[in-house]
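**Q** Can you keep this structure in mind? I'll have questions shortly.
None of the figures in this text is laboratory data; all of them are computed from the coordinates on show. Nothing here was measured: the structure is a model prediction, and the numbers come from that model. So basically every Cβ, Gly included, is an ideal-geometry build from the backbone, and we count neighbours across all protein chains shown.
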Amino acid sequence: MFTIISYDVVEDKRRTLVMKLLKGYGTRVQYSVFECELTATQLATVLAQARSLVDVNTDSVRCYLLDAAAVTRIQIIGIGRVTTEPTHYMV
């Protein structure tokens with residue numbers, strides 16, 4: 001499932017931890033925005049891990065789940081493209 005995850009984390013240390021977590025699941029397309037292709041299990045895992053890293057009183061992590069039709073309607077102005085390559089390869 002194509003998922004856009006964005007975050008707004010106040011403290012540098014927590015923000016770095018969230019960024020490193022998300023780098024393991026997707027492609028960073030903007031400073032605090034990642035595009036990910038996730039299974040339901042992976043989504044549950046990343047949400048649980050993110051929940052353990054952030055302060056729910058000051059930070060936020062947002063996940064937008066897009067179906068295939070929505071992905072085809074993404075429009076980008078300027079540099080960049082929608083992430084289409086897999087984030088993980090099985091060898």
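**Q** Arranged from highest to lowest average of other beta-carbon atoms within 10 Å per residue, in what order do the peptides 28-34, 64-70, 11-17, 1-7 appear?
**A** For the peptides 28-34, 64-70, 11-17, 1-7, the packing ranking is 1-7, 28-34, 11-17, 64-70.
**Q** May I pose another question? For segment 31-38, take each phi angle, set θ = phi - 60°, evaluate the Karplus expression 6.51 cos²θ - 1.76 cosθ + 1.60, and give the result in whole Hz per residue in order, putting x for glycine and proline.
**A** With coefficients 6.51, -1.76 and 1.60, one gets 3, 10, 9, 10, 9, 9, 10, 10 Hz.
**Q** Relative to the longest principal axis of the C-alpha atoms of the chain, give the angle of the C-alpha long axis of helix 12-23, reported between 0 and 90° and rounded to the nearest 10°.
**A** Here the helix axis deviates by roughly 30 degrees.
**Q** Now for a separate question. Over all alpha-carbon pairs of the chain, lay out the pair-distance distribution in 5 Å bins, whole %, shortest bin first.
**A** Per 5 Å bin, starting at zero, the Cα-Cα P(r) for the chain comes out as 2, 13, 25, 24, 18, 11, 5, 1, 0 percent.
**Q** May I pose another question? Rounded to the nearest 0.05, what FRET efficiency is calculated for Tyr64 and Lys20 with R0 set to 22 Å and r the Cβ-Cβ distance?
**A** For Tyr64 and Lys20, the calculated efficiency is 0.60.
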